[in-house]
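Structure first, then comments.
The values are calculated or read from the model by the stated rules, or taken from the named source; none is laboratory data. Here the structure is a predicted model, which means the values were calculated and not measured. Glycine also receives a Cβ, built like all others from the backbone with ideal geometry; neighbour counts cover every protein chain displayed. Each accessible area value is taken on the protein alone, full model and side chains, heavy atoms only, with ligands, DNA and RNA left out. Shrake-Rupley method; radii C 1.70, N 1.55, O 1.52, S 1.80 Å.
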Protein chains: 2
Amino acid sequence: MAIILGIDPGSQKTGFGIISTLNGKNSYITSGVIRLPKGALPERLRIIAESVAELVELHGPTELSVEQVFLAKSADAALKLGQARGAAIVPCVLRGLEVSEYSARQIKQSVVGTGAADKAQVQHMVKALLKLPGAPQEDAADALAAALCHAHTREGLVRVVGATAIRRGRLR
Amino acid sequence: MAIILGIDPGSQKTGFGIISTLNGKNSYITSGVIRLPKGALPERLRIIAESVAELVELHGPTELSVEQVFLAKSADAALKLGQARGAAIVPCVLRGLEVSEYSARQIKQSVVGTGAADKAQVQHMVKALLKLPGAPQEDAADALAAALCHAHTREGLVRVVGATAIRRGRLR
């Protein structure tokens, strides 16, 4: 079993979602949104880093999945997003989590089946795939979608590696 | 006495400089450049965060001074710079350092006397102000300049606060 943390970083709200995955079965653990106060940057970065550190220590994920950003709206938005991303990733790498990045397109393709899915479709599919009683908040859904995308990709990799091991190993 | 850490974050090289300041006298402690390997982002952010954490634990600064970024070259450059900045600031705020941000113009004005100074002038003045045997590397000089700018500003603030305390205090 692996526990996967998905993060959707943002300078105002950072979504998170944690799932466990075992033999292709994914189960919901928790999700939510870290809301950041307006005001001083250092304080906002501290809140992101401390919240993520707390999530890692509480739930013990060993893998982090985070959306890759290709096109930001503006240089200013990109700088703010980058700072939030750095603050979210650092506590994970310091605790030895393996980090994977996926494009928004890969995440939507993996969770909804089409890279062009909208936010509502992502929320709907996250709810269905994890058998949740209601749709999670938008940023939490995006974070759970990143975690699910990693679970799906990882499962494929594990299968391929497993197959290779069998082909190469003593069972052949 | 206060120990001030200056950081000039970058996605390829992050400069650092540490000075101590006492009654308007600033002394050099150390400076250098954290060079980042090409390749995976998480590894680069880990190196920045761990190196900065090590500097803080080794030299015990209580204040961080970092250049504020207003205009990045492109959204892509801004995202990378933002991530490096986040990774550098986080270990400091987690250890309780007080963070101050100054514009490039404020730093040059404070160290060289003109906001339009070039890199060579900054290196020259940092060398002169801290009585160094040679000019520090460009990024290290920028980091030391940020620390000096904070020392100068802080000195002004301490004087003002001191004066106010006297005016408001028992000595009046």
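Just a few scattered comments:
- Flag for B:ILE4 being surrounded by 19 or more Cβ atoms within 10 Å (Cβ to Cβ), over 13 Å from the mean Cα position of the chain (by Cα) and more than 17 Å from A:GLN83 (Cβ to Cβ): no
- Failed condition for A:LYS108, given (1) open to solvent by 10 Å² or more (accessible area, probe 1.4 Å); (2) within 13 Å of the chain's Cα centre (by Cα); (3) within 28 Å of A:ALA53 (Cβ to Cβ): (3)
- First in the range B:80-101 and open to solvent by less than 60 Å² (accessible area, probe 1.4 Å), second anywhere and of a type in the set (Lys, Arg), Cβ under 6 Å, 6 or more apart: B:GLN83/A:ARG85; B:VAL93/A:ARG46
- Scanning the range B:52-79 for residues that are of a type in the set (A, V, I, L, M, F, W, C), more than 9 Å from chain A (Cβ to nearest Cβ) and free of Cβ contacts under 8 Å to residues at least 40 places away in the same chain returns a single hit, B:LEU58.
- Residue in the range A:89-106 that is in a strand (DSSP E or B), within 12 Å of chain B (Cβ to nearest Cβ), in contact with a Gly (Cβ under 8 Å, 6 or more places away or on another chain) and within 17 Å of A:HIS152 (Cα to Cα) present: no
- Pick from the range A:54-87, criterion of a type in the set (Gly, Ala, Ser) and outside any helix (DSSP H, G or I), ranking: nearest to B:GLU43 (Cα to Cα): A:SER65
- Filter pass, A:SER51 being part of a helix (DSSP H, G or I), of a type in the set (Ser, Thr, Tyr) and surrounded by fewer than 21 Cβ atoms within 10 Å (Cβ to Cβ): yes
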